[in-house]
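One structure below.
Computed from the coordinates by the stated procedures, all read-outs in this text should not be read as laboratory data. Since the model is a prediction, treat every value here as computed from it, not as a measurement. Every residue, glycine among them, receives a Cβ derived from its backbone with ideal geometry; neighbour counts consider all protein chains shown.
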Amino acid sequence: MSGIVNLYRLCYFCKMDFIRAENHLRESLMQIFGEGEAATMADWVLEYLAGSKRNERISKNKLLSVEQSEMLDSISRRLLRHEPLQYILNEAWFCGMKFYVDDSVLIPRPETEELVEWIVSNCKFPIDSLNILDVGSGSGCIAIALKRRLGKAEIWACDVSEKALNVAKRNAKNLGASINFSQLDFLDENVHSQLPSFDIIISNPPYIPLSEKRSMQKNVTDFEPALALFVPDDDALVFYRAIAHFSQDHLHPGGAIYVEIHESQEESVKRIFEQSAYEVELKKDLNGKFRMVKAFTL
């Protein structure tokens, strides 16, 4: 019976042009997403299937092929199970670049783009030499975006996950960015000697207390890697302490640390770096929440 239903669905999609298909997908997604988000996702899916922008799809007004209908049906089903579209299409945009992503890495967020812009705006140009470390690199989005913006910088990126580093290496190759990748557990002090010293240390580390998991959206908790998201409730600041400790021997004089934080942790993270004799600057994101910290010496 399910085979007959699936065949009916595919025949239904095959009779649609791209505009009708987009409207149908948008209406289906509005069952679980807001109208604006559903419209954005539907447009993204149809652009992916057609290989063209909406205006061009409208002007051509073609019917979906059998293959496109099958793909649309599969994507629609997965989206209605809350699977992130970025994982389904294996693509996410960050700082104007298309990154490959899968469920071994976090989906890059707009707030992290703000962190990159803050770092770049604080750099002194022209750059003759600059050593940068990205701790917990994931997809490599921060490291690669900085390399593309700060071409003469020497950039290192480390992560505990081999799968995540494979994604980052793939993105670095695709986007023409030369990055020094290293697989290591940054929380293990014994491996710190594997890394040189730096002018800038950056991290968007795991910082969400595990107790918050039950109140988060299913598209995050069911699909994104928990290793990159959550920390124990009784040790939620573990990565910031590790970064502060590492910086004592691995940050050049006059260097700076930039980290992304949980919106409720700004004072706690600030104290950690102040206790290591740093000046601290807090920065709000575009939503008006303190989400970034800079630690530096005068």
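Some values worked out for this structure:
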quantity: Under-26-angstrom lysine pairs by C-alpha in segment 103-296, whenever the two are 8 or more apart or on separate chains; calculated: 29
quantity: HN-Hα J in Hz across segment 271-287 - Karplus 6.51, -1.76, 1.60, θ = phi - 60°, x for Gly and Pro; calculated: 5, 4, 6, 5, 5, 9, 6, 9, 6, 10, 10, 9, 9, 8, 8, 5, 8
quantity: Hits among lysines - C-alpha to C-alpha of Lys60 under 21 Å, sequence gap 8 or more where chains match; calculated: Lys15
quantity: Assigned charges on the beta-carbon of Lys, Arg, Asp, Glu; the chain dipole about Cα centre (debye); calculated: 1160 debye
quantity: Cα gyration tensor category, rounded, prolate or oblate, for segment 103-296 with a/c compared to 1.5; calculated: rounded
quantity: Charge tally in the Cβ shell below 15 Å around Leu298, where Lys, Arg are +1 and Asp, Glu are -1, Leu298 excluded; calculated: -2
quantity: Given charges at Cβ of Lys, Arg, Asp, Glu: the chain dipole, positive-most of Ser129, Ile257, Tyr87; calculated: Tyr87
quantity: 15 Å Cα-Cα reach of Lys62 towards aspartates and glutamates, excluding residues that sit fewer than 8 places from it in its own chain; calculated: Asp17, Glu22, Glu47
quantity: Crossing angle, helix 35-50 versus the chain [Cα axis fit, 0-90 degrees, rounded to tens]; calculated: 80 degrees
quantity: 0 to 90° range, to nearest 10: angle between helix 162-174 axis and the chain longest Cα axis; calculated: 80 degrees
quantity: Cleavage-rule hits (trypsin sites (Lys or Arg not before Pro)) in segment 88-190: DSSP loop, at most 11 neighbouring Cβ within 10 angstrom; calculated: Lys124, Lys152
quantity: Karplus (6.51, -1.76, 1.60) ³J(HN,Hα), θ = phi - 60°, over segment 65-77, in Hz, Gly and Pro reported as x; calculated: 6, 4, 4, 5, 5, 4, 5, 4, 4, 5, 4, 4, 4
quantity: Per residue convex hull volume, Cα atoms of segment 211-251, in Å³; calculated: 77 Å³
quantity: Positive-pole candidate from Leu29, Ser247, Val120, dipole of the chain, charges at beta carbon; calculated: Leu29
quantity: Listed residues Val45, Asn55, Val220: farthest to the positive end of the dipole of the chain (Cβ charges); calculated: Asn55
